[in-house]
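Enquirer: One structure follows; several queries about it will come next.
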Amino acid sequence: MEAQVSNSWRKTLLILNCLLLSVGTSAGPLVMRLYFIKGGKKVWLSSWLETGGWPVIFIPLFIAYVNRKKTHGHDTKIIFMNLRVFIATTVIGILTGLDNYFYAYGVARLPVSTSALLISSQLAFTAFFAFILVKQKFTAFSLNAVVLLTLGAGVLALHTSGDRPKGESNRLYILGFIMTLAAAALYGLILPMVEMMYKKAKMAITYTLVLEIQLVMSFFATGFCTVGMLINKDFQGIAHEARVCELGEARYYVVLVWGALLWQCFFLGSIGVIFCGSSLLSGIIIAVFLPVTEILAVIFYHERFGAEKGVALVLSLWGFVSYFYGEMKQSKKIKSQSQSQEKNQVPQTEMTPTVEP
């Protein structure tokens, strides 16, 4: 029953998860950068916050459980996830925790516009790993989208020499570049790994199960970052940092809470889009909204917006339109083929002769 409901509402879920992913992609980096701009120094804390909002997933899970109980009665399962999916989700969660640290380190050292353009390169990694792990088929339109979005990142990469923050050493700036690029590559691997897990789960994949996967994945990612915080003694320094932060103590905690919530939108949206579409689609949505992040960074943090960023934005939008136009054409083609097959099968069934001995 739940699988049927998920299929009937797949388009609605896709739109909802695209919205969550776009909000997380655009606003998450801005809030994280705000923390560092206003005096925050704790990289492990920032990486912890990327998945630290996982308890909010209990709310939709509880609602889903109540609805199932009304429909199916006392035989309703509390947990859908089997051991195979749990182990795979745990591994992906730990890799996500490592990716969180790479990304937070890059945001701490680089302007939002620079880190965003580097993260744009994750689309190329996603396309490569999707081809290897899940045999992703590329149409001319999807390949064109990957090329255009990757070119957009390349255009921006040619004009970042003047973006180094004041007081940042050249060594730390380069290290920030490397760590951000590593984050893009690792997340480009994580997205197809999630899609492969869906395909090899040997069980029905419902949206409730997707929520459970996000919960477990975020739990282990947060656990990985918690170990880093304990080793670095970040927990002991939060109260002091809140008092001396330029934001003020109350706003400091507000920024942390909002950061955790926005990043949870990002991660839930990304695996939700994979459930409704594919890992490549998730990567494309992330890439297309990164220029939006750059524009917001220019507005709120007064970062430079040159002609190259305008060109990158146009290329990103062009790639986005190209992908969805190709998907629409492919969908119509598949629909027409299935309809023609159904028409051909009916007469064959009716006209099949019976031969008696």
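The values are calculated or read from the model by the stated rules, or taken from the named source; none is laboratory data. Being a predicted model, the structure only gives us computed values, none of them experimental. When we count neighbours, we look across all protein chains shown, and the Cβ atoms used for this are built from the backbone with ideal geometry, even at glycine. We work out accessible area using only protein heavy atoms, side chains counted, and drop any ligands, DNA or RNA first. Shrake-Rupley method; radii C 1.70, N 1.55, O 1.52, S 1.80 Å.
Enquirer: Determine the gain in length on full extension of the stretch residue 94-residue 137; use 0.36 nm per residue of separation and subtract their C-alpha separation, reporting nm with one decimal.
Expert: 12.6 nm
Enquirer: Moving on to the next point. Under a plain spin-label model, where a point goes 7 Å from the Cα along Cα-to-Cβ, how far apart in nm are residue 321 and residue 340?
Expert: 3.0 nm
Enquirer: First compute the accessible area of the range 180-270 with a 1.4 Å probe, then give the percent of it belonging to carbon and sulfur atoms.
Expert: Here it works out to 69 percent.
Enquirer: Okay, moving on. Would you please classify the overall shape of the range 94-153 from the alpha carbon gyration tensor, given that a ≥ b ≥ c denote the square roots of the eigenvalues, rounded means a/c under 1.5, and beyond that prolate means a/b larger than b/c while oblate covers the rest?
Expert: oblate
Enquirer: Going through the cross-link list 42/233; 38/233; 137/202; 11/329; 200/329; 135/199, which pairs have a Cα-Cα distance over 18 Å in this structure?
Expert: Beyond 18 Å: 38/233; 137/202; 200/329.
Enquirer: Mind checking the full-extension length gain between residue 59 and residue 41? Use 0.36 nm per residue of separation minus the Cα-Cα distance, one decimal, nm.
Expert: 3.3 nm
Enquirer: Give me the accessible area per residue for the range 81-159, probe 1.4 Å, as a whole number in Å².
Expert: It amounts to 39 Å² per residue over the range 81-159.
Enquirer: Could you state the accessible area per residue of the range 272-327 in Å², with a 1.4 Å probe and every protein chain left in place?
Expert: 38 Å²
Enquirer: So if each residue of separation counts as 0.36 nm, and I subtract the Cα-Cα distance between residue 231 and residue 300, what length gain in nm does that give?
Expert: 21.4 nm
Enquirer: Label-point separation (nm) for residue 333 and residue 199, each offset 7 Å from Cα along Cα-to-Cβ?
Expert: Calculated label separation equals 1.9 nm.
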